[in-house]
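For reference, the structure discussed in these notes is given below.
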Amino acid sequence: MTEFASEPTWTLAELEGEGARHVTDAIWAYIQGGAGEEHTLRENAAAFDQWSLSPRVLVDVREIDLRTELLGRQVAVPFFVAPMAYQGQVHPDGELALARAVGPENVLATYSTLSSCSLEDIAKASGGAPRWFQLYLQPDFEVSRSLIERAERAGFDAIVLTADVPVLGVRDRQARGGFAIDASVPLGNGRDVVPPPRVPLAQGPVFRLRSEAGVSWEILGAIRSITRLPVIVKGILSVEDAQRAAREGAAGLLLSNHGGRQLDRSVSPLSVLPEIRKAVPETLEVYLDGGVRRASDVLIALALGAHAVGIGRPFLWALAADGAAGVRRYLRLLSEELATALAISGRRNLDEVDRNLLRESRP
């Protein structure tokens, strides 16, 4: 990774606290909060505690290679920035700061429909770096079509269809914190773009949702018919849905429970990764997000079959801490820690990371 003459001085362990110091309590509640009583939020991290690493010794590890390919494009590391909305609420430069930090390092980032900056401006800030566009289906499919077509024109490499948000989950901490979108930081992708509904509309004993909540698996074919870009389905947590996505032509699966922000007591992505990986074709790339904090978490997910892992909140912590400089430091520290963990494990590259690296931990 590139060396920088001046950067912040916190460690990975101090990053969360550093981020908290630079945003309001309401913004911090939005960043940190999960659904309900946050059982899922805690389980995402706890799932990694079920595994231990079993290193090998006396291996020639003078050269460590973190590179991998995602959908045929080489990237510098096997982790990527998960999609996160409203980054302009966290730092004035928002997604542009993130793009300027990760782009020169050839690190993949996924940018939200609900970005504070337009996808065209994000593309310019990213340069030639890999980038995916995360799509929230809109009530009017023509708005979704426009977003997809704009992403393709702007040079995004894939569409990430978020399938697990017919309505936003009940987020107690966020509600208590009083988070509200600052009108001075509008959505960057246009006035026609709307976020998912916060609550269903009660009509007597029946609750109704907007039209996009009525889509079925045919939506995947509809999206594929209007773009050449590969489509990744985000929000997969069951073998049945994984297999259906494969049959419908998905190029990849992102196992995700939305960072624990949607359905409390949902299964964690890591807990279902092994069975889903076995149930779908080897050619179908499987990714994971949720609970990934340190290099050991990355290794565990890769050893269980993930092609790469998405990281969310820590990138927001770094963005809050010091904008692009904070993100650069986080990226460098995590990359160095991953290279160190590989070397100590007796692995020289990602092809050597497999199930033999893991042992199940005792409860």
Determine, yes or no, whether Arg359 is closer than 27 Å to Arg62 by Cβ and modelled with pLDDT of 95 or more.
yes
Positions within the range 146-157 being assigned to a helix (DSSP H, G or I) and of a type outside the set (Gly, Ala, Ser), in sequence order
Leu147, Ile148, Glu149, Arg150, Glu152, Arg153
Are there any pairs with C-beta distances below 9 angstrom linking a residue in the range 162-179 that is closer than 15 Å to His258 by Cβ to a residue that is of a type in the set (Lys, Arg) and buried (at least 19 other Cβ atoms within 10 Å of the Cβ), with the two at least 6 apart or on different chains, and if so which?
Thr162/Lys234; Ala163/Lys234; Asp164/Lys234; Leu168/Arg261; Gly169/Arg261; Arg171/Arg261; Gln174/Arg261
For Gly235, are the conditions met, namely being buried (at least 17 other Cβ atoms within 10 Å of the Cβ), farther than 17 Å from Val165 by Cα, in contact (Cβ under 8 Å) with a residue 12 or more places away in the chain and not hydrophobic (A, V, I, L, M, F, W, C)?
no
Qualifying residues in the range 296-342 (those that are of a type outside the set (Gly, Ala, Ser) and not in a helix (DSSP H, G or I)) - the one nearest to Arg355 (Cα to Cα)
Leu304
Looking at the range 159-172, is at least one residue surrounded by fewer than 16 Cβ atoms within 10 Å (Cβ to Cβ), touching a helix residue (DSSP H, G or I) at 6+ places or on another chain (Cβ under 6 Å) and modelled with pLDDT under 95?
no
Single match in Glu120, Glu69, Glu43 (criterion: out of contact with any Lys or Arg (no Cβ under 9 Å at 6 or more places or on another chain) and outside any loop (DSSP other than H, G, I, E, B))
Glu69
Restrict the check to the range 105-114 and report whether at least one residue is surrounded by 23 or more Cβ atoms within 10 Å (Cβ to Cβ), in a loop (DSSP other than H, G, I, E, B) and touching a Phe, Trp or Tyr at 6+ places or on another chain (Cβ under 6 Å).
yes
Given the conditions (1) under 28 Å from Leu319 (Cβ atoms); (2) without any contact (Cβ under 8 Å) to a residue 40 or more places away in the chain; (3) not hydrophobic (A, V, I, L, M, F, W, C), report the number of the one that Arg67 does not fulfil.
(2)
Give me the pairs, please: first residue somewhere in the range 193-218 and touching a residue at least 24 places away in the same chain (Cβ under 8 Å) and among the aromatic types (Phe, Trp, Tyr), second residue anywhere and surrounded by 14 or more Cβ atoms within 10 Å (Cβ to Cβ) and outside any helix (DSSP H, G or I), beta-carbon distance under 6 Å, and either six or more positions apart or on two chains.
Trp217/Glu248
Got a sec? Which of Ser266, Ser271 is modelled with pLDDT of 95 or more, polar (S, T, N, Q) and over 22 Å from Ser52 (Cβ atoms)?
Ser266
Residue satisfying all of: in the range 37-52; in contact with a helix residue (DSSP H, G or I) (Cβ under 6 Å, 6 or more places away or on another chain) and of a type in the set (A, V, I, L, M); nearest to Ser361 (Cα to Cα) among these:
Ala47
Can you spot a residue in the range 14-22 that is crowded, with 16+ Cβ neighbours inside 10 Å, over 20 Å from Arg294 (Cα atoms) and either charged (D, E, K, R) or at pLDDT 95 or above (or both)?
yes
Give me the residue from the range 112-132 that is under 16 Å from the mean Cα position of the chain (by Cα) and free of Cβ contacts under 8 Å to residues at least 40 places away in the same chain and, out of that set, nearest to Val75 (Cα to Cα).
Arg131
Listed residues Val160, Val165, Val143; which is of a type in the set (A, V, I, L, M, F, W, C), under 26 Å from Ala308 (Cβ atoms) and either in contact with a strand residue (DSSP E or B) (Cβ under 6 Å, 6 or more places away or on another chain) or part of a helix (DSSP H, G or I) (or both)?
Val160
For Pro230, only one of the following conditions fails: (1) touching a strand residue (DSSP E or B) at 6+ places or on another chain (Cβ under 7 Å); (2) exposed (fewer than 14 other Cβ atoms within 10 Å of the Cβ). What is its number?
(2)
From Ala222, Ala213, Ala183, residue being at pLDDT below 95, out of contact with any Asp or Glu (no Cβ under 6 Å at 6 or more places or on another chain), of a type outside the set (D, E, K, R) and not in a loop (DSSP other than H, G, I, E, B)
Ala213
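The values are calculated or read from the model by the stated rules, or taken from the named source; none is laboratory data. Just so it is clear, the model here is predicted, and its values are computed rather than measured. Here the Cβ is made from the backbone with ideal geometry for all residues, glycine too, and neighbour counts use every protein chain on show.
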